[in-house]
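Here's the structure we're looking at; comments come further down.
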Amino acid sequence: MEPVDLSTCVAISSSLEQILKGSFGPNALQCMITSASGNILISSDGATILKSLHLSHPVGRIVINSVLAHCKLTGSGAKTFILIVTEALRCMRCYCSQNLLKLSQAFYEIQTRILPNSIIPQLMENSTLIEIKNRSDMKKACINIVRTSMNGKLNQGALEILASLTTDLIFKNCKNTMNLHKNVLELIDNFDNFCVKAVGLPKCESRIVPGMLLEREFLVQSDVAKSLDESHKFIIMDCILGDEKPESQATFSFKHDEDFQNAYRHQSSSVQTFLHHCKRNNVQLIISTNRVSEMASFFCKTFGISVIHFVAMEAASHLARLSRIHMIHSIEELLSGDNIGDAKYCRLFSLGSKRYIHICLEGNNGDVHQAIVCAPIQGLCNQYYMAVLSSVKTIRMWLDGKTVPLSSDQLHQPTNISDTVSRNCYNTAACIAGGGYTELLLHKIFTEYSATVSNTLIKQACMILSKALLYIPMTLHENSNSIKSRHNSFLRLLPEIESKLRSRRVVGIDTMSGELWDNKDTIIVEPIVSKYLLLNNVLLLLQQLLRLNVIVGVTKIPDTDSDQSDD
């Protein structure tokens, strides 16, 4: 049994802060992590760094799991999360253990009542008003959010390439922006099928291709498949074609060659009957998730039908869903229109040292596009891939509450996306300026709110959060390229910051000079719902840490659904 007090939580969170602090902001430095086996990871992405750490202390694992759960939903915010939690814990060191429990209750009150009813509405009043008249304006807003999400994770060259790639991936898969929110959710759920990694190529080779790439080669390639412009009818099978295994384990012994020949003829007859049926329905391509036997491939070649086998089930299911067709589960099934899809073409596609099958669908299904993320080495390719996924999640945060209703060919009046504020449902199409502006504004809001409440614990909790939020712009200033001196400190900027915030001006930290920038038309924007979830999850973690008493080591954690005593 090991006691847990506030100093333990501060020490652990401070160690995480020291790892991440230098990689915070647009001027992020990279962190090199090495394993015992000699593997090296170089990254400035907070979630990637935290995921690679294997802390033995349970409190450390609680903190990291909370941060990663937040990032899995919102796509970003790991470093901001750690910095705020660490500074908040440091501000509590003067409290005794009894007051810490009461402080936990005050944080609960802030999380459940004050944050949604008082803090967020004030934040909404200062949100960025985005005028969206057409599809182009929507795309411009998205690329600004994506750039902000990637800023600090990638160098400038990679950022521009991947920001453009991410935005194109979203909008090429969505012809009608009325369905943008739905399409983004589908993109996240099936991201492995919408994005392909290409190792060994320069990042400038990253691009969007129509259709879908299957990481296989033709087992049989007919003359039709060799023609680049020929359309294809195809089916998708998840059963073995030829040499089918019996449903139950059995062993057959043949005394005469004639018996073996009869069995072979029976099996080949069923395959030929199936292929005859395919031919009558003009099927020119069979895509199978299982093995296609040599006998079946010979007959397919005879019938002029191309074959791709051992396709991953996830990719095959995704292709079937996009084509709006049903997979075939047995060669005894009769083909119908529900089993047959149409493709513009199906041909070989080379990507570095790998070869793929490139299949492009017909009609409305042809709107499907796939992103190719290129990088010289595997580790860098993985980072680029995760940066694209995280940015798509950030766009989801922007659209989660209310999708702006625009069709691809209609013009609408400018939409003030910060008009609607309800008690527990926010118009998440609203954005707010980045660069530390949100945290500066929240610092002001919490400070002012603390002056209006009579409850001492609520007042103290608000001031703790206020100071912790101020640590974000302070760290941005510290990591800026400015010359650090007593006359160029962050504290020198505070009076000017407070003056501009009182005048309702947008202000943040210029990460190059360390000075304040004042620009209401800034392109550094973040979804308000991401900031709300960040504060909510920070408050949840603080409550959990403040209520910890002891760590008890056991051989097995009991099941949560087991019978419990009433003691």
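The values are calculated or read from the model by the stated rules, or taken from the named source; none is laboratory data. What you are looking at is a predicted structure, and each value in this text was computed from that prediction instead of being measured. All Cβ positions, glycine included, derive from the backbone under ideal geometry; neighbour counts span all protein chains shown. What goes into the accessible areas is simple: the full protein's heavy atoms, side chains included, and nothing from ligands, DNA or RNA. Shrake-Rupley method; radii C 1.70, N 1.55, O 1.52, S 1.80 Å.
Some observations on this one:
- Strands (runs of 3 or more DSSP E) (entirely within region 140-231) containing at least 2 residues that are open to solvent by 40 Å² or more (accessible area, probe 1.4 Å): 195-199, 207-210
- Here Val184 meets each of (1) farther than 23 Å from Arg321 by Cβ; (2) touching a helix residue (DSSP H, G or I) at 6+ places or on another chain (Cβ under 6 Å) with one exception, condition (1).
- The single condition among (1) under 21 Å from Ala47 (Cβ atoms); (2) under 16 Å from the mean Cα position of the chain (by Cα); (3) not charged (D, E, K, R) that Asn155 does not satisfy is (2).
- From Gly22, Gly75, Gly60, Gly38, residue being out of contact with any strand residue (DSSP E or B) (no Cβ under 9 Å at 6 or more places or on another chain) and on the phi < 0 side of the Ramachandran plot: Gly60
- If you check Tyr385, Tyr345, Tyr356 for being aromatic (Phe, Trp, Tyr), in a helix (DSSP H, G or I) and farther than 17 Å from Asn290 by Cα, only one passes: Tyr385.
- Among the residues making up region 28-37, those that are out of contact with any Gly (no Cβ under 8 Å at 6 or more places or on another chain) and under 29 Å from Leu159 (Cα atoms) are Gln30, Met32, Ile33, Thr34, Ser35.
- Residues in region 359-376 that are open to solvent by 10 Å² or more (accessible area, probe 1.4 Å) and at pLDDT 90 or above were compared, and the one that is nearest to the chain's Cα centre (by Cα) is His369.
- Boolean, Lys133 is more than 25 Å from Ser76 (Cα to Cα) and surrounded by fewer than 16 Cβ atoms within 10 Å (Cβ to Cβ): yes
- Within the set His309, His318, the sole residue that is farther than 30 Å from Lys203 by Cβ and not aliphatic (A, V, I, L, M) turns out to be His309.
- Remark: pairs (first residue in region 491-503, surrounded by 15 or more Cβ atoms within 10 Å (Cβ to Cβ); second residue in a helix (DSSP H, G or I); Cβ separation under 7 Å; 6+ apart in sequence or on different chains) = Ile497/Leu440; Leu501/Leu440; Leu501/Leu441; Leu501/Lys444.
- Total residues in region 112-121 satisfying the condition of being within 13 Å of Lys531 (Cα to Cα) and not aliphatic (A, V, I, L, M): the figure is 2.
- Top-ranked residue in region 344-358 [being within 16 Å of Ile235 (Cα to Cα) and at pLDDT 90 or above; ranked as surrounded by the most Cβ atoms within 10 Å (Cβ to Cβ)]: Ile357
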